[in-house]
Amino acid sequence: MKVVIAGGSNEAEFIVGMFSKGNNEVIVINPNAPVVDRIGKRKKIAVYHGEPWRKYCLEEANAFDADVFVSLCPIDTDNYASCIMAKTCFNAKKCICLVSDPLNVDLYKKLGIETVISSPYTLGKIIEEAANVENIVRTISLENDQIKVLEALVLSNYNVCNKTLREIRFPKYCSVAAVFRSPTVLIPNGDTMIEAKDTLLIICAPGDEEKVRSFVQKPADKKVTTVKKSVRGTSKPKKAVPAKETKTTKAKKK
Amino acid sequence: MRNLTFVIGCGRLGGAIANYSSAQGDSVIVIDPNPNCSDNLTEVFSGNLLHFDASDVEGLEEAGIENAKEVIITSGDDNLNLFLAHLCSRIYDVPYVYVRFDDPDKGLLCQGASIKAIYPFQLSKDRLNLLRAGVAEGGEE
């Protein structure tokens, strides 16, 4: 893998250390002379001294066709310009851009940089995900937020509990990819029975998480009250105790 | 309605452009974080001068960038200029974006967009060639 590391100081040194071990070609470009000296001496690697947003610098450092281009400069717009230059003129396959202003994350993504990282933004996301654990549903994003994977723990008072997938009829906008029933993982089909304490891995599009969450967490009693007769008539009601969602129940941790 | 002219960066070039556009009757908004930059504006200027860093997108929105009919970017930082040009053209759909670059290679990154780039380097070189060839007169134009 060809990795270009542009700018940065300690973080650049750390990443150089990570990638220089394996079968990688690492190119380091840094505008700061003391950092160039330090990384060069400690990591025993050629470091190109120059500004990574300049075309001639990237040319001289031979930054063509990088698999990953990482820009770690302290100023957001410098990172933006470096990544756009690497993408447009140097055929970089994937650019990673560090920003200090969290508002720039979505903006830079819209302008064409695949991965934009900001420490406060990441911190906020982690807090958000931790808060979701409380709600028994954890969300994971894949492919740049294009796919959402929900991890939902089934409680005994849920409507989906003790039914087969065929009976539950999950809505079209989501799909149950796997059922984790300690210690095994089931790849479900229509006959798979969902039991209490199962963890469902559900795939959906971004924006549908809330709908999926409320579908899974719908308590069983709701259905009993709305379509009382049919439910009582066709399938035996399980624990039709009007229990509310118990958000305090411990979530299963990975 | 798109009726505003934004001038980002109020140095000698930005100030002169703001004065000229204002004198032509445009509604001009000048953005520069430097509090002393008003020295570059003359009495013909009748628009708004706002002091903040133009990389602050919320500030630009408050200033009304969605209503810009043209944006002229003249700050001294090429990378900031590049970002602002892309931002105005692709996110806010400003129909005319003019941007100054010291580094002529930056033009490669603005192709196919509604962005027109100006390179003082290139202009000086062309002018020198004209003067050398005796086609143009020296001195003030």
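Coordinate-derived values only; no laboratory data. Computed from a predicted structure; not experimentally measured. Reconstructed Cβ throughout: ideal geometry from the backbone, glycine too, with neighbour counts over all protein chains shown.
Each of A:V149, A:V116, A:V47, B:V30 was scored by other Cβ atoms within 10 Å of its Cβ. Listed from fewest to most, they are A:V149, A:V47, A:V116, B:V30.
Within segment A:1-109, list the trypsin sites (Lys or Arg not before Pro) lying in a DSSP loop whose Cβ has at most 14 other Cβ atoms in a 10 Å radius. Display every interim value, and only then the final one.
Details: sites: A:K2, A:K21, A:R38, A:K41, A:R42, A:K43, A:K44, A:R54, A:K55, A:K87, A:K93, A:K94, A:K109; in loops: A:K21, A:K44, A:R54, A:K93.
Passing both the DSSP loop test and the Cβ count: A:K21, A:K44, A:K93.
Taking amide H positions as modeled 1.01 Å from N, with prolines and chain starts lacking one, the residues under 5 Å from A:I194 and 5 or more places away or on another chain are A:N162, A:K163, A:T164, A:L165.
Please rank B:I8, A:I140, fewest neighbouring Cβ atoms within 10 Å first, as an exposure proxy. Numbers along the way, then the final one.
On the way: B:I8 25, A:I140 12.
Going from least to most buried by this count: A:I140, B:I8.
For B:K69, the shell of other residues with beta-carbons less than 13 Å away shows a net charge of -3, using +1 for Lys and Arg and -1 for Asp and Glu. Less than 5 angstrom separates the built amide H of B:K116 from those of B:V97, B:Y98, B:V99, all sequence-distant by 5 or more or on a different chain.
Only Cα pairs within less than 10 Å get springs; with that Gaussian network setup on chain B, which residue of B:G25, B:G11, B:G47 has the largest fluctuation? Answer for the Gaussian network model of chain B: B:G25. Our helix-only sum for the protein assembly as shown, with -39,500 (n - 2.57) per DSSP H run of n ≥ 4 divided by its residues, gives a mean residue ellipticity at 222 nm of -9500 deg cm²/dmol. Remark: segment A:36-46, residue by residue, has Karplus-estimated 3J(HN,Hα) of 4, 4, 5, 5, x, 6, 6, 9, 6, 9, 6 Hz, where x stands for each Gly or Pro and the curve is 6.51 cos²θ - 1.76 cosθ + 1.60 at θ = phi - 60°.
Please give the length that would be gained between A:T184 and A:K110 if that part of the chain were fully extended, namely 0.36 nm times their separation in residues minus their C-alpha to C-alpha distance (nm, one decimal). Please list the in-between numbers first.
Values: separation 74, 0.36 × 74 = 26.64 nm, distance 4.05 nm.
Additional length available on full extension: 22.6 nm.
Rounded to whole numbers, the Karplus 3J(HN,Hα) couplings from phi for segment B:55-67 are 6, 7, 5, 4, x, 4, 5, 4, 6, x, 4, 5, 9 Hz, using 6.51 cos²θ - 1.76 cosθ + 1.60 with θ = phi - 60°, and x at Gly and Pro. In this structure the amide hydrogen of A:N157, modeled in the peptide plane, comes within under 5 Å of no amide hydrogen from residues 5 or more places off or on another chain.
For segment B:4-132, calculate the relative contact order in percent as a whole number, restricting contacts to Cα pairs under 8 Å that are 6 or more residues apart.
Numbers: 228 pairs, mean separation 27.1, N = 129.
Rounded, it is 21 percent for segment B:4-132.
In chain B, a dipole from Cβ-located charges (positive for Lys and Arg, negative for Asp and Glu) runs towards its positive end, and of B:C88, B:V135, B:V99 it is B:V135 whose Cα lies farthest in that direction.
Computed from backbone phi with θ = phi - 60° and the Karplus coefficients 6.51, -1.76 and 1.60, the 3J(HN,Hα) list for segment A:157-168 is 8, 6, 4, 6, 5, 6, 10, 7, 4, 5, 5, 5 Hz; x is used for glycine and proline. Cysteine residues of chain B whose Cβ has no partner cysteine Cβ closer than 4.7 Å: B:C88, B:C110. For segment A:124-219, trypsin sites (Lys or Arg not before Pro) meeting the loop criterion (DSSP other than H, G, I, E, B) and having at most 16 other Cβ atoms within 10 Å: A:R169, A:K172, A:K197. Between B:D53 and A:F14, the simple spin-label model (points 7 angstrom out along Cα→Cβ) gives 2.3 nm.
For segment A:139-225, GluC sites (Glu not before Pro) are listed when DSSP marks them as loop and at most 16 other Cβ atoms sit within 10 Å of their Cβ; the list is A:E143, A:E195. Highest mobility in the GNM of chain B, judged by mean-square fluctuation with C-alpha springs under 10 Å and restricted to B:L41, B:L109, B:L128, is found for B:L128.
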